[in-house]
Amino acid sequence: MSYWRVPLDIQDIKIPKGDIHIIIERCKGCKFCVEYCPRNVLEMSTDYNPKGYHYPNVIKQGACVNCNLCELICPEFSIYCLEGEAQPPDPDEVLRKGGNHES
Amino acid sequence: MSETITDYTNKLTIPKPEENFRHPMEAYIRSERFPHIWCSSCGIGTILTAYISGLQKSGLDPEKVAVVSGIGCSGRVAGYLRLDSFHSTHGRALPFATGLALGNPELKVSVISGDGDISAIGGNHFIHSARRNMNLTIICINNFTYAMTGGQAGPTTPIEANSSTTPYGSYEYPFNLPFLAESCGAVYVARWTALHIRRLTNAISEALLKPGFSFIEVISPCPTLYSRRNRLGTGLDSMKFYHDTAIIQHGAETREVDIEYQQKIIVGKFVDKEKPTFTEARDKFLKKKLGDRFVPYRGPNHGH
Amino acid sequence: MKADPMGVATGSHYLDGDHACAEGAIAGGCRFMAGYPITPSTEVAERIAERFPKIGGMFIQMEDELASMAAVSGAVWAGAKSMTVTSGPGFSLMMENIGLAVMMEVPCVVVNVQRGGPSTGLPTLTAQADMMQARWGSHGDYEIIALSPNSPQECFDLTITAFNLSEKWRVPVLFMMDECVGHMTEKVIIPNADEIEVTPRKYYKGKKESYRPYRFNGSNSVAPMVKAGDGYFIHITGLTHDERGYPVINAEAQEKNVKHLVNKILKNEEKIRIIEEDQVDGADVVVISYGISSRVAMNAVEAARKKGLKVGTLRLVTVWPFPESRIRELAKSVKAFVVPEINMGQISLEVERCAQGNAKTILVPHAGGWVHDPTDILNAIEESIV
């Protein structure tokens, strides 16, 4: 779905941004964070961590909206999200993609 | 910790030690004991995260919260939580917690333990703690098996499921834990899976704030034993299975929430009712009978 | 510290041993009790259930003895002085969690009013056959303290001592009564609260970061405790642990931990020891006894002395730790030890071991159900000198 015009209150809206941190050596490679990230920000590495597991890498820097799901679902306390500076939405993108956040 | 880890791949950027301490839950875990013992893609770590998150959300003072575990994989939760935490004997987490909660009425005591610990060897304590409406929050991590001892059948193992002591599949009727908890008198009963992480967090927060016996069953992946023996894949596959089969039904009749092998899992908040706790009922009753001669137990910080 | 006057029923009473034990617990500062009914110990719980609501105590009747013992450990970490009470079959059920209390170094008192066994045995009749179970009934290596009273007055006095010893050494103290003492009614004098010495729990007061719940340092002392809820974020486990309380699963940690549990009792045996000796200097025979048997033995000892025999007595008030050095010393000067006990030979084994062949050890066994006939003890004394 796309919008036919830019919403009038677009100036009042800010999209939260998250800054993802990964404590690589704690990861045991369960892939929960990669699978359940709603913005598909993460991908498993091809490298190994010192325990011999693949760990997640951030592949879409800036796409994270700080929902903290990765932090909650991670069984190892090895990923967390800190609040970044919220950004106003890009009017062109809103017109193009509407309410669909999946990219 | 980080400084002792050898970067033998020569490809890693190993975080500085101080980086670790910025994990928002770092203050609640004993990370000096990490890595924890749980297997890759085991759900217990996720449930631990939910517990911490639920505790934060509840607004309770962590200094006044104690956690008791029994024995088994889930029994190790206490050892990783930076709260007053006690790792008791197999099945006896509930009576230990009862002593702790009665001994100091200012404490909010949680029990985090496994299905075998709570409902098999500790089954008698479970039904009686619920009957008394003891002021305890029970988080029962159900992985359908005795994992630490190598995947034996337990009181929740579904019919058909393979285990090391049911090599041809289990033929015993399993417990329906929410039904058991409700019929014994629990005032708060919910079931979630390790996938329902936000709802679980909310449930834990509600349960912690609920006076009396609250019970949350959390279905959790056991990739190494239950899933492997039954060829159900990794923990992630279990999570996907929960995604596809779990049905949220708040207020469902607990007698109808049995779990059958690889069938739908009904989750939700089933019971939330008000009833005086053991201590409230005791104090009120004894005050009525003894009048001014009754001296309530106030705990160690108030003298006698 | 003196006893809290609120709990002390000062005065002269006519009480049975079970009731006196309950009064002793209250005077000793006990304010939490978890128990399960079992003959012949139930009267202790009954009196506590009646008294506690009026003095600010918390009594709970648990679903079984496993739960009772676990609840006691929980309540101690919450800060209460706690006890439970049982008899043989319940004592067996408590053993696992007595082991937990030993490992967690929980100061508490476990009362066992002994009856005949094994199994259901003789619910209403006496025995002293749980003495070895008291010592090592739980799995693994450890030492505890066990006391054995021989009168209702002692049931009162020694219950206070039991609480004091448990606090001093951070160890469960097993209070080994027997059905006869438990159900015997005699005069019991309860003194004023300010005449009763009570050992308060030693609490840590330093910096939170440097608190260690255990101290494994060669064992002349135990670490002070803290209470759950005081903000120390302690971790306490039944697993082998280090001084921080954190599990460490290896042989070195086991060595330190177990040696501490054993040495804090054995190396301080002489400080813990309470024994009563009479006319042992120059004696040919010493009768070693405890509990109700010590009173029966007196009859035989007096008869023997009237016959001109040189008989001394040694009564074990603390049965465990065993007064090994004292028995060794006596073995060098006496010809024989006579050990009457209401079992088929338990403490006599210890006496025989400590005598090291320097003196004979003669057991006067009794399978239980009743006390000895003093004549049997007298015969043993006479035979021992021949």
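List of remarks:
Here is a yes/no grid of residues against (1) part of a loop (DSSP other than H, G, I, E, B); (2) buried (at least 21 other Cβ atoms within 10 Å of the Cβ):
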{"position": "B:Trp192", "(1), (2)": "no, yes"}
{"position": "B:Ser205", "(1), (2)": "no, no"}
{"position": "B:Gly212", "(1), (2)": "yes, yes"}
{"position": "B:Glu217", "(1), (2)": "no, yes"}
{"position": "B:Leu225", "(1), (2)": "no, yes"}
{"position": "B:Gln262", "(1), (2)": "yes, no"}
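- Whenever a residue of segment C:354-377 is over 15 Å from C:Ser289 (Cα atoms) and in the same structural domain as C:Ala297 (by TED's automatic domain parsing), its partners that are of a type in the set (Ser, Thr, Tyr) and at pLDDT below 95, lying with C-beta atoms within less than 9 angstrom and at least six residues away or across chains, give the pairs C:Lys360/C:Ser384.
- Within segment A:15-59, considering residues that are within 20 Å of B:His196 (Cα to Cα) and open to solvent by 50 Å² or more (accessible area, probe 1.4 Å), the one farthest from the other protein chains (Cβ to nearest Cβ): A:Asn40
- Residue match in segment C:139-148 (condition: open to solvent by 30 Å² or more (accessible area, probe 1.4 Å), assigned to a strand (DSSP E or B) and modelled with pLDDT of 95 or more): no
- Within segment B:51-103, being over 15 Å from the mean Cα position of the chain (by Cα), within 9 Å of chain C (Cβ to nearest Cβ) and touching a residue at least 60 places away in the same chain (Cβ under 8 Å) holds for B:Leu102, B:Gly103.
- Flag if C:Lys227 is assigned to a loop (DSSP other than H, G, I, E, B) and crowded, with 22+ Cβ neighbours inside 10 Å: yes
- Only one of the numbered conditions (1) within 30 Å of C:Gln61 (Cβ to Cβ); (2) open to solvent by 20 Å² or more (accessible area, probe 1.4 Å); (3) within 8 Å of another protein chain (Cβ to nearest Cβ) is violated by B:Arg33, and that is (1).
- Any hit, segment B:280-294, residues being assigned to a strand (DSSP E or B), surrounded by 17 or more Cβ atoms within 10 Å (Cβ to Cβ) and not β-branched (Val, Ile, Thr): no
- Options C:Ile189, C:Ile265; residue that is open to solvent by 60 Å² or more (accessible area, probe 1.4 Å), more than 14 Å from chain B (Cβ to nearest Cβ) and among the aliphatic types (A, V, I, L, M): C:Ile189
- For C:Ile190, the conditions (1) outside the structural domain of C:Gly90 (by TED's automatic domain parsing); (2) more than 26 Å from C:Pro323 (Cα to Cα) are fulfilled apart from (1).
- Set side by side, the residues B:Ser163, B:Ser170 differ, and just one is small (Gly, Ala, Ser), surrounded by 20 or more Cβ atoms within 10 Å (Cβ to Cβ), over 26 Å from B:Ser110 (Cα atoms) and touching a residue at least 40 places away in the same chain (Cβ under 8 Å), which is B:Ser163.
- Pairs, first in contact (Cβ under 8 Å) with a residue 12 or more places away in the chain in segment A:30-46, second in a strand (DSSP E or B) and open to solvent by 60 Å² or more (accessible area, probe 1.4 Å), C-beta under 9 Å, six or more apart: A:Val34/A:Glu43; A:Leu42/A:Asn57; A:Glu43/A:Asn57; A:Met44/A:Asn57; A:Ser45/A:Asn57
- Contact annotation: residue pairs with Cβ atoms under 7 Å, 6 or more positions apart or on different chains, pairing a residue in segment C:263-284 that is in the same structural domain as C:Trp320 (by TED's automatic domain parsing) with a partner that is open to solvent by 60 Å² or more (accessible area, probe 1.4 Å) and in a loop (DSSP other than H, G, I, E, B), are C:Gly282/C:Lys310; C:Ala283/C:Lys310; C:Asp284/C:Lys310; C:Asp284/C:Lys335.
- The lone criterion from (1) surrounded by 17 or more Cβ atoms within 10 Å (Cβ to Cβ); (2) modelled with pLDDT under 95 left unmet by C:Val386 is number (1).
- Residue match in segment C:54-63 (condition: closer than 18 Å to C:Asn112 by Cα, more than 11 Å from every other protein chain (Cβ to nearest Cβ), surrounded by fewer than 21 Cβ atoms within 10 Å (Cβ to Cβ) and free of Cβ contacts under 8 Å to residues at least 60 places away in the same chain): no
- Evaluation of B:Lys240 against the conditions (1) under 23 Å from B:Tyr51 (Cβ atoms); (2) in a helix (DSSP H, G or I) shows that the sole unmet condition is (1).
- Cβ-Cβ distances below 6 Å connect the following pairs, each with a first residue in segment A:76-94 that is surrounded by fewer than 17 Cβ atoms within 10 Å (Cβ to Cβ), a second residue that is not in a loop (DSSP other than H, G, I, E, B), and a separation of six or more residues or different chains: A:Leu82/A:Asp19; A:Gly84/A:Gly18; A:Gly84/A:Asp19; A:Gln87/A:Ile15; A:Pro89/A:Ile15.
- Here segment B:230-247 is the region considered, the condition is being in contact (Cβ under 8 Å) with a residue 40 or more places away in the chain and touching a strand residue (DSSP E or B) at 6+ places or on another chain (Cβ under 6 Å), and the residue that is farthest from the other protein chains (Cβ to nearest Cβ) is B:Ala246.
The values are calculated or read from the model by the stated rules, or taken from the named source; none is laboratory data. All values reported here derive from a predicted model rather than from experimental measurement. Here the Cβ is made from the backbone with ideal geometry for all residues, glycine too, and neighbour counts use every protein chain on show. All accessible areas refer to the heavy atoms of the entire protein, side chains included, with ligands and DNA or RNA removed. Shrake-Rupley method; radii C 1.70, N 1.55, O 1.52, S 1.80 Å.
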